[in-house]
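What follows is a single structure, written as structure tokens, with notes after it.
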Amino acid sequence: MVSRKTKLILAKIFSLFSVVRGYNIFVIVVAQYLASIYILAPQKRALDVVLDWRLFLIIFCSSLAIAAGYIINNFYDAEKDLINRPNKSKLDRLVSQTTKLRVYFFLNFLSVSIVSIVSIHAALFFSVYIFILWFYSHKLKKFPIIGNLTASFLVILPFFGILMYFKYFYSAIFVHAFFLYLLVLIREMIKDLENIKGDLANNYQTIPVRFGELATKVVVSILVFLSLFPTRFLIVEHQVGYMIYYFYLSIGVLVFFLVKLWFSKTTLQYHRLHIVLKLLILLGVFSIMLIDPEVVVNGKELFESL
């Protein structure tokens, strides 16, 4: 029979896992490895990429830094989450604020220390990343537009770490990153609509709080329209193998999303739209495997010959 003390320890571990959003970190790790295998190093065997210890350290340390970022974000959002996510907030509060801060500093120290084995430049990159994560949670997220832009940038920034490692700078990669950035930015806007009560109560000057729901829907509509440009480029101008079907699907999903957005008014409806975007992003991660490696290699050789 499990003792009460053991149950409490297990509950706190589960609580900490909830705070760091381990499921999100897992998806990011998978995305980094898939991007490395199918996009950034397609000329190498998949096993060689997976067994690359330097790449492993970079991805591992990015996971530590992201986990620390979630902790400090949770630390500053404690009061807001009581309103927006009362059930999750109760679980998160099983771990004290002091413990969260200790784990936060430990993970950041561990991340920079380990990645310094790869290179001093990698350590500098992660130090800047960690600082931006803290500054966003402490200050920037309370401001309209700037907070959304920064949050979306922080999601894709770890991918630039592995991009610099492979030194593979190809235009299609940046277009793909821009498409992902727009999807994440749209999701951040929807989260603001979903969390408007907590943001208003805690004086978070998000776009819905500052300018209203109608203005937010207009901005989201513009972002959806902008996302069609990188989608068209990737479909028409750049060969992405069978992943082309994902981009066709994303167009249909975004059109459906936009129609539903203008008829949405409640927190539940905005939450459903948030889930739709999360699933679209998740599907995009696994769709990377549909890219034809030979196409990417040929594209790289063409790029290097220019």
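The values are calculated or read from the model by the stated rules, or taken from the named source; none is laboratory data. Because the structure is a prediction, the values reported are computed rather than measured. Here the Cβ is made from the backbone with ideal geometry for all residues, glycine too, and neighbour counts use every protein chain on show.
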**Prompt:** Among the residues of the stretch 97-118, is there at least one that is hydrophobic (A, V, I, L, M, F, W, C), in contact with a Phe, Trp or Tyr (Cβ under 7 Å, 6 or more places away or on another chain), surrounded by fewer than 17 Cβ atoms within 10 Å (Cβ to Cβ) and without any contact (Cβ under 8 Å) to a residue 40 or more places away in the chain?
**Reply:** yes
Of the residues in the stretch 289-306, those that are part of a helix (DSSP H, G or I) and modelled with pLDDT of 60 or more come to MET289, LEU290
Here the residues within the stretch 191-217 that are of a type in the set (A, V, I, L, M) and touching a helix residue (DSSP H, G or I) at 6+ places or on another chain (Cβ under 9 Å) are LEU193, ILE196, LEU200, ALA201, ILE207, VAL209, ALA215
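Just to check your reading of the model, which residue among TYR242, TYR248 is aromatic (Phe, Trp, Tyr), at pLDDT below 90 and loosely packed, with under 14 Cβ neighbours inside 10 Å?
It is TYR242.
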Apart from one, (1) out of contact with any helix residue (DSSP H, G or I) (no Cβ under 6 Å at 6 or more places or on another chain); (2) farther than 22 Å from GLY284 by Cβ; (3) acidic (Asp, Glu) all hold for GLU237; the odd one out is (2)
- Evaluate the stretch 155-174: report whether one residue or more is among the hydrophobic types (A, V, I, L, M, F, W, C), surrounded by fewer than 20 Cβ atoms within 10 Å (Cβ to Cβ), free of Cβ contacts under 8 Å to residues at least 60 places away in the same chain and not in a helix (DSSP H, G or I). yes
Filter the stretch 36-59 for residues that are more than 24 Å from the chain's Cα centre (by Cα) and either within 17 Å of PHE160 (Cβ to Cβ) or of a type in the set (Lys, Arg) (or both); the one that is surrounded by the fewest Cβ atoms within 10 Å (Cβ to Cβ) is ARG45
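Please return the ranges of helices (runs of 4 or more DSSP H) entirely within the stretch 43-104 where 2 or more residues are within 30 Å of TYR168 (Cα to Cα).
Per the criteria, 46-50, 53-76.
Report yes if ASN148 is in contact (Cβ under 8 Å) with a residue 12 or more places away in the chain, closer than 30 Å to VAL209 by Cβ and touching a Lys or Arg at 6+ places or on another chain (Cβ under 8 Å), otherwise no. Spell out how you get there, then give the answer.
Numbers: in contact (Cβ under 8 Å) with a residue 12 or more places away in the chain: yes; closer than 30 Å to VAL209 by Cβ: yes; touching a Lys or Arg at 6+ places or on another chain (Cβ under 8 Å): no.
No.
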Restricted to the stretch 3-17 and to residues being within 11 Å of VAL95 (Cα to Cα) and of a type in the set (Gly, Ala, Ser), the residue modelled with the lowest pLDDT is ALA11
Restricted to the stretch 5-35 and to residues being of a type in the set (S, T, N, Q) and closer than 21 Å to PHE286 by Cα, the residue surrounded by the fewest Cβ atoms within 10 Å (Cβ to Cβ) is ASN24
